[in-house]
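Visitor: Here's a structure for you.
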Amino acid sequence: MTDTAAPAAADLATELLDLHRDPRLLTLVNVWDVASARAVAGVEGTKALATASHAIASSFGYPDGENIPLDLMLDMCGRIAAAVDLPVSADLEGGYGDAPEAVRRAIAVGVVGANVEDQMKPVAEAAAQVEAIMAAAAAEGVPDFVLNARTDVYAKGRGRKRDELLADAIERGRAFLDAGAPVVFVPAILSEEDVAALVDAFGPQRLTTIGIPGSPSLSRQEELGVARVSYGPMPQRVALTALQELVEEVHRGGGVPATMRPLT
């Protein structure tokens, strides 16, 4: 164990893991800076935070896809973790060429969970990466690190039949769970039947989905045994939409809405 991982990190990781294992659905509205983190954390019922790599990159003027320097990404993740008293999971994309090292560095700034994409590497290679990530986290004193092992089957499988995509997602997800990941992230517009099949294959409280319009309701996903729903870059888009709507209202001669809340 290095001296960078305080005992509190291990406790926060266990707290985050327990939230995933709870039959009650964990919802994570993703954040991208300290202001958004404090705003989300300040809403009653928020139990943990997750960053959105796309949103952080965009806020610095970078396109998504590991174009933002890892140092800059981790600096913001660390600022977010330091600003709140909740467990924080970071979106580390594909791991910036060395996923275990990226996770080690994330733990050093206070992160206790992470999304890491498989980027459709061969299954054995992707599973070995999962195993290496979990070993790195354990070596840093955070054995309950919540790796949200993401498969890009649907994101990169356009044009393929839905049953083929589902079968591949199941194969990859099972391999990641066997390699030590506590939860598998399958971002896509999934039907209720897809969600049920994934939960059946992985077990209850092992599947993360994304809250894209058209997905099953949160209550139904909870009934089916989904562990977590997160929202990626969409919260930032909602916030920026509100900003544009304010600008439009000002251009019409109006002003800020009476529903505006004070900054926290």
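Quick note: the coordinates plus some simple rules give every number you see, no bench work behind them. Please read all numbers here as calculations on a predicted model, not as lab measurements. No Cβ is skipped: glycine too gets one built from the backbone with ideal geometry, and neighbour counts run over all protein chains shown.
Visitor: What is the gain in length, in nm to one decimal, between Asp75 and Met120 on full extension, counting 0.36 nm per residue of separation less the C-alpha to C-alpha distance?
Guide: Using 0.36 nm per residue and subtracting the Cα-Cα distance, I get 13.4 nm.
Visitor: Most fluctuating residue of Ala239, Ala169, Ala126 in a GNM of the chain with Cα springs under 10 Å: which is it?
Guide: Taking springs between Cα atoms under 10 Å, the residue moving most is Ala239.
Visitor: Further question on the same structure: Sorting Asp75, Asp118 on the 10 Å Cβ count, fewest up front, what's the list?
Guide: Lowest count first: Asp75, Asp118.
Visitor: Quick one: which of 209-215, 61-67, 16-22, 246-252 comes out on top by average Cβ neighbours within 10 Å, and what's the full order, highest first?
Guide: Ranked from most to least packed, the peptides come out as 16-22, 209-215, 61-67, 246-252.
Visitor: Rounded if a/c is under 1.5, else prolate if a/b is larger than b/c, else oblate: which is the range 179-237, with a ≥ b ≥ c the root eigenvalues of its Cα gyration tensor?
Guide: Oblate, since a/c reaches 1.5 and b/c is not below a/b.
Visitor: Let me ask something else about it. Where does each of 23-35, 137-149 land if you order them by average Cβ count within 10 Å, highest first?
Guide: Sorting 23-35, 137-149 by mean packing, highest first, produces 137-149, 23-35.
Visitor: Can you find, among Leu19, Val40, Leu165, the residue sitting farthest towards the positive end of the charge dipole of the chain, where Lys and Arg contribute +1 and Asp and Glu -1 at Cβ?
Guide: Working it through, the farthest residue towards the positive pole turns out to be Val40.
Visitor: Now, a different point. May I ask you to evaluate 6.51 cos²θ - 1.76 cosθ + 1.60, the Karplus curve with θ = phi - 60°, for each residue of the range 61-66 and list the ³J(HN,Hα) values in order in whole Hz, giving x for glycine and proline?
Guide: Couplings: x, 9, x, 5, x, 6 Hz.
Visitor: Run the dipole for the range 7-251 about the Cα centre, Lys and Arg Cβ at +1, Asp and Glu Cβ at -1, nothing else charged, and hand back the magnitude in debye, nearest 20.
Guide: The dipole magnitude comes to about 160 debye.
Visitor: On to the next question. Indicate the gyration tensor shape class of the range 1-121 (rounded, prolate or oblate), computed on the Cα atoms with a ≥ b ≥ c the square roots of the eigenvalues: a/c under 1.5 is rounded; otherwise a/b larger than b/c is prolate and the rest oblate.
Guide: Rounded, because the longest to shortest axis ratio a/c is under 1.5.
Visitor: Hey, got the Cα dimensions of the range 7-251 along the principal axes, in Å, largest first?
Guide: So the three principal-axis extents are 51, 40, 33 Å.
Visitor: A further question follows. Just to confirm my numbers, what's the Cα centroid distance between the range 24-83 and the range 198-248 in Å?
Guide: What the calculation gives is 16 Å, centre to centre.
Visitor: Count charges around Leu86 for me, please; just the other residues with Cβ under 10 Å from its Cβ, Lys/Arg as +1, Asp/Glu as -1.
Guide: Once positives and negatives cancel, what remains is -1.
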